[in-house]
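The values are calculated or read from the model by the stated rules, or taken from the named source; none is laboratory data. Just so you know, these numbers come straight off a predicted model, no measurement behind them. For neighbour counting, all protein chains shown are included, and Cβ atoms are generated from backbone atoms with ideal geometry for every residue, glycine included. These accessible areas exclude ligands, DNA and RNA; they are computed on the full protein's heavy atoms, side chains included. Shrake-Rupley method; radii C 1.70, N 1.55, O 1.52, S 1.80 Å.
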There are 2 protein chains.
Amino acid sequence: MATALASQLNTLDLASPLPLDSGKVLPNVRLAYETYGEMAADRGNVILIFHALTGDQFVAATHPITGKPGWWERMVGPGLPIDTSRYHVICANIIGGCMGSTGPADLAEDGAPYAMRFPVITIRDMVRAQVAMLDQLGIDRLHAVVGGSMGGMLALSFAANWPGRADRVLAIATTARHSAQNIAFHEVGRQAIMADPDWRGGDYYGGGGKGPEKGLSVARMAAHITYLSEAGLTEKFGRRLQDRDAKSFGFDADFQVESYLRHQGIAFTNRFDANSYLYITRAMDYFDLAEEAGGRLADAFAGASATRFCVISFDTDWLYPTAESRNIVHALNAVAAPVSFVELSAPFGHDSFLLDVPALDRVVKGFVG
Amino acid sequence: MATALASQLNTLDLASPLPLDSGKVLPNVRLAYETYGEMAADRGNVILIFHALTGDQFVAATHPITGKPGWWERMVGPGLPIDTSRYHVICANIIGGCMGSTGPADLAEDGAPYAMRFPVITIRDMVRAQVAMLDQLGIDRLHAVVGGSMGGMLALSFAANWPGRADRVLAIATTARHSAQNIAFHEVGRQAIMADPDWRGGDYYGGGGKGPEKGLSVARMAAHITYLSEAGLTEKFGRRLQDRDAKSFGFDADFQVESYLRHQGIAFTNRFDANSYLYITRAMDYFDLAEEAGGRLADAFAGASATRFCVISFDTDWLYPTAESRNIVHALNAVAAPVSFVELSAPFGHDSFLLDVPALDRVVKGFVG
């Protein structure tokens, strides 16, 4: 079992305001990031990991709020597939997030929280902020960028827009564009948050308000279904009852799957800001790498033909199914970029990239090691 | 194009209190039902149609609230697959519903609305009420029972529990038990309703309160995603924008799929009672025909070996996928019941049973005609 690593908790204030895809500019951008392992003198051993929608920079360190292990402790550490005895690993909280990087809960220049005055950002904006961070850290070229789910979108955006900056790009369980169904699920979550009167148009910070916890909880529940496979849910819960021998003929959580979802929803509200959830899901829904390049995905990767790619999908992932990864691979093939592609078999659905899938460990180790 | 039929709007008060699977008894049960076509003198030409979760008795008549055509006008009418020039078609609003049959919005014996005092009911309870209705109408034996989605569950429950009462059973896009994923989606919807402060523990009737419209709307949005296929959503909406040329970089419904879902959610609140949604989804989640029979699905159909069955699934239905229909068919095979089974190809996902699928029309006509 991996154990939490000692890590460096850092913040970095960008030297310049951050230009955004919307045309707006975000001033006073701070990034909170964790690092693991020593940076080589030539700075040539840096791996940048991008986290997923509800992830954060605590990749392999105990989470400061939940006290739980880092979200990728099984993958990142000494001797692990992303080997911190050889590589200097950096993971920054995305802008728009709520774990120390500038987001809607932070104070705008007028001294009041941004709330819904925070500008709508894109996946590329999130990457742009981290490229600026790399610039200030004096890191010109990365050994690899790595990301799963939304993190994979950032990795692809990094490769497409800053093609000279990474030797390797590893994109796991991800997509080059959000589908109508992806958008639909996110929209349900946003509407659940906005329907909660405690959301108050986003102005729930301070004043003792608790924020739209119920709405955020429902949003998390809906999203959680998409992270698991139907077969995985059946295997994990089936129709088993929760702490009872018979149905209650009431509205308690009779079934284990109900109890599980309620728990996931409530636990999430303790560590996540609802407005961040709105902004990040919006950024994901806006993501369409082909559109950015004029409509053809291959054109997005036109400058990246010298980058080595690895694309991994899971056969039970119905959120970003293998067909989405194939689209990416076809586009990379069209620009003759060197790309490895594998669909792994794992029972856990989309969440497979976070879970015990030994084949994933081997592929990651082989590609970044 | 089918047109709304003249229909008989009827209500019927059950002569006796209705015993429920919970052990409770529901007094003063009223059923609201529509009929189409003439009943033969020997009452041998009756087809009972069971409606789906959010359906109602207005199968082929204009809906009194929405003014829209009946939900199966393409299927039920003179010369149509369920031919009302030959058959007398009955469809009753289920108990627990909100279109005239006894449900949570109705008054309990103390003169106040049941609200959440309404007993939790099962699919079999819904059928039991309609069997009592048939008894009072003097209809001993049906030519056929027909249902899609939840209506299919009622049809299967009818066949299993009252095996001598129908010659033919047609179950479309349905399942013999709700899966963990099915339960999970319903639980999200229930939590969305219950999180709405306007739900007020279910006591929102009268007093000028509007009820949990926002929560019910979110519930409907989440459910709607499950009624459509991913490919169907992509074809229908893709990433197309709604009434604009570019993304707004805001939280309006930029995408058509967002606008569609919001509309579906809001429109639903005008015609459906939130407490009914809670009770009916609960009944569906409780549905497990095998469990009722001691754990083996075939045993549920032990008495139904003389009934003719037809089971239809759709290849793009991920709510009740074809595998669920196969389970039903295998169980029927095990008791040597005559059963036809077909998986139809249609792009519309679960909603295919309501939409323009000519192959469905042919199968229905062939089986009940």
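Descriptive notes on the structure:
- For region B:160-186, a residue qualifies if it is part of a loop (DSSP other than H, G, I, E, B) and of a type outside the set (Phe, Trp, Tyr), and the qualifying residues are B:Pro163, B:Gly164, B:Arg165, B:Ala173, B:Thr174, B:Thr175, B:Ala176, B:His178, B:Ser179.
- Count - residues of region A:177-222 that are under 20 Å from A:Glu324 (Cβ atoms) and either open to solvent by 10 Å² or more (accessible area, probe 1.4 Å) or of a type in the set (S, T, N, Q) (or both): 6
- Residue count, region A:112-136 (criterion: of a type in the set (S, T, N, Q) and touching a Ser or Thr at 6+ places or on another chain (Cβ under 7 Å)): 0
- Residue count, region B:225-244 (criterion: open to solvent by less than 10 Å² (accessible area, probe 1.4 Å) and either β-branched (Val, Ile, Thr) or more than 17 Å from A:Leu319 (Cβ to Cβ) (or both)): 2
- Within region B:205-230, the set of residues being more than 9 Å from chain A (Cβ to nearest Cβ), part of a helix (DSSP H, G or I) and modelled with pLDDT under 95 is empty.
- Meeting the requirement of 2 or more residues that are within 18 Å of A:Ala144 (Cβ to Cβ), the strands (runs of 3 or more DSSP E) wholly within region A:1-113 are A:30-36, A:46-50, A:88-92.
- Pick from region A:127-167, criterion basic (Lys, Arg) and in contact (Cβ under 8 Å) with a residue 60 or more places away in the chain, ranking: most open to solvent (accessible area, probe 1.4 Å): A:Arg141
- In region A:251-279, the residues that are modelled with pLDDT under 95 and facing chain B (nearest Cβ under 7 Å): none
- Some residue of region B:253-272 being of a type in the set (Phe, Trp, Tyr), assigned to a helix (DSSP H, G or I), surrounded by 24 or more Cβ atoms within 10 Å (Cβ to Cβ) and within 17 Å of the chain's Cα centre (by Cα): no
- Matching residues, region B:277-290, being open to solvent by 10 Å² or more (accessible area, probe 1.4 Å) and either more than 26 Å from B:Ser101 (Cβ to Cβ) or among the aliphatic types (A, V, I, L, M) (or both): B:Ala290
- Selection from region B:311-369 of residues that are within 21 Å of B:Ile225 (Cβ to Cβ), assigned to a helix (DSSP H, G or I) and open to solvent by 40 Å² or more (accessible area, probe 1.4 Å): B:Ala323, B:Leu354
- Output for region A:301-310, where each listed residue is open to solvent by 10 Å² or more (accessible area, probe 1.4 Å) and either touching a Lys or Arg at 6+ places or on another chain (Cβ under 7 Å) or within 25 Å of A:Thr281 (Cα to Cα) (or both): A:Arg308
- Matching residues, region A:151-181, being within 14 Å of chain B (Cβ to nearest Cβ) and hydroxyl-bearing (Ser, Thr, Tyr): A:Thr175, A:Ser179
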